[in-house]
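The values are calculated or read from the model by the stated rules, or taken from the named source; none is laboratory data. Since we're looking at a predicted model, the values are computed, not measured. Because the Cβ atoms are built from the backbone with ideal geometry, glycine has one as well, and the counts that use them run over all protein chains shown.
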Amino acid sequence: MRTLECATCSETTAMSDSFRITEKDHCRSCAEKKVESEKLTAADIRHNSDPTVCIECKTDAGNRELPLLSGLPVCEACTERLIYRPFPMWVQGFMGSLALITLLGFVVNFSYIHAFIKLKQANLALGRGETELAYQHVQGAIVLVPNSKDLELIAPMYQGIMLMSKGDSQGALEPFRRFAKNFPQDEGARRFLLEAQAGAYFDQHNYPGFFQASQELARLYPEDPFMLMQESSAAACMYAVTSMEVYKKLSLLFLAEAHKRLRADDENARVYEARINHRLNTREIISSREFEERFGHGEAK
Ligand SMILES: [Zn+2]
Ligand SMILES: [Zn+2]
């Protein structure tokens, strides 16, 4: 475990319990005072994460930095378990164009016209959000060209997207891991995996993990308002479980930042925000599905 000295009170604090505010590290209580008294934006403040503590099992590796699994520190034992055990928040809007770009490079290699058509249908279905149908088309293409290495390499992506769209982040982890392994240089593949990881942590009630994964996604995609909303959502979870005001403040800052990038009539964003506010006001954590069941698309009271 790493520790650092607070820039304000000079007390030693656990790194994982500290915040970086305008380029200086602060202990939790000084951070809390700072966000109260100073005018900060979301870009000024960041929660520090300790690269020597496993995000899964909290094992302390002393001073040794742990290897990163989709950008997060995970110990060897957990890496082993995660890779061989399939694991569930579906963030709308990340799939369409990204998936199409990822694929464009592969289609030219298919020699069989029918498989090619199937794949085209799969991508059109994906573009319409019909993820199950997309996966069926890909499986259809595999039947037509059973020995295609290319199809085998990309099929896990369709499977992962299909599972994510059903809210099964946990189940999507395994196919996305395979996909990321098949295309280690591909940014889209890494993003899918990290999205699934964040969702799986949420479902497991591992809120520090959810927060860290969401922070990493927001860092990688600073222009994507839904990443900021997810970061806000994760900070609200942290507030719900710790009752620390600093997390509430962070959540509101990320939300304000997301607003600058959102269209005013974005319905998904509106429902998402209502859910975050509900969490901040009641300190109750409920899933999007539960929220919808209780409040429909209306505002939470
Ligand atoms: Zn301090
Ligand atoms: Zn571990």
Practice task
Say whether the condition of being among the acidic types (Asp, Glu) and more than 19 Å from the chain's Cα centre (by Cα) is met by at least one residue in segment 214-232.
Solution key: no
Problem - Within segment 9-30, considering residues that are β-branched (Val, Ile, Thr) and surrounded by fewer than 16 Cβ atoms within 10 Å (Cβ to Cβ), the one farthest from ligand 2 (Cβ to nearest atom) - result: 22
Practice task
May I ask you to list pairs of residues, at least six apart or on different chains, whose Cβ atoms are under 7 Å apart, with the first in segment 20-36 being under 15 Å from residue 250 (Cβ atoms) and outside the structural domain of residue 246 (by TED's automatic domain parsing) and the second being part of a helix (DSSP H, G or I) and within 8 Å of ligand 1 (Cβ to nearest atom)?
Solution key: 21/31
Exercise for the section: Check every one of the helices (runs of 4 or more DSSP H) wholly within segment 198-301 and list those with 1 or more residues that are under 24 Å from residue 73 (Cβ atoms). Expected result: 207-220, 225-242, 245-261
Handout entry: Condition broken by residue 63, with the remaining ones in (1) modelled with pLDDT under 85; (2) out of contact with any Cys (no Cβ under 7 Å at 6 or more places or on another chain) satisfied
Key = (1)
Handout entry: Matching residues, segment 38-55, being over 20 Å from residue 257 (Cβ atoms) and either more than 16 Å from ligand 2 (Cβ to nearest atom) or of a type in the set (Phe, Trp, Tyr) (or both)
Key = none
Practice task
Could you please find all residues in segment 1-24 being of a type in the set (Asp, Glu) and within 12 Å of ligand 1 (Cβ to nearest atom)?
Solution key: 5, 11, 17
Practice task
Tell me which of these residue 160 doesn't satisfy, since it passes every other one: (1) surrounded by fewer than 23 Cβ atoms within 10 Å (Cβ to Cβ); (2) not assigned by TED's automatic domain parsing to the domain that holds residue 278.
Solution key: (1)
Problem - Tally of residues being more than 13 Å from ligand 1 (Cβ to nearest atom), closer than 21 Å to residue 5 by Cα and part of a loop (DSSP other than H, G, I, E, B) across segment 25-47 - result: 1
Exercise for the section: Within segment 173-189, identify whether any single residue is in contact with a helix residue (DSSP H, G or I) (Cβ under 7 Å, 6 or more places away or on another chain), part of a loop (DSSP other than H, G, I, E, B) and over 16 Å from residue 129 (Cβ atoms), and answer yes or no. Expected result: yes
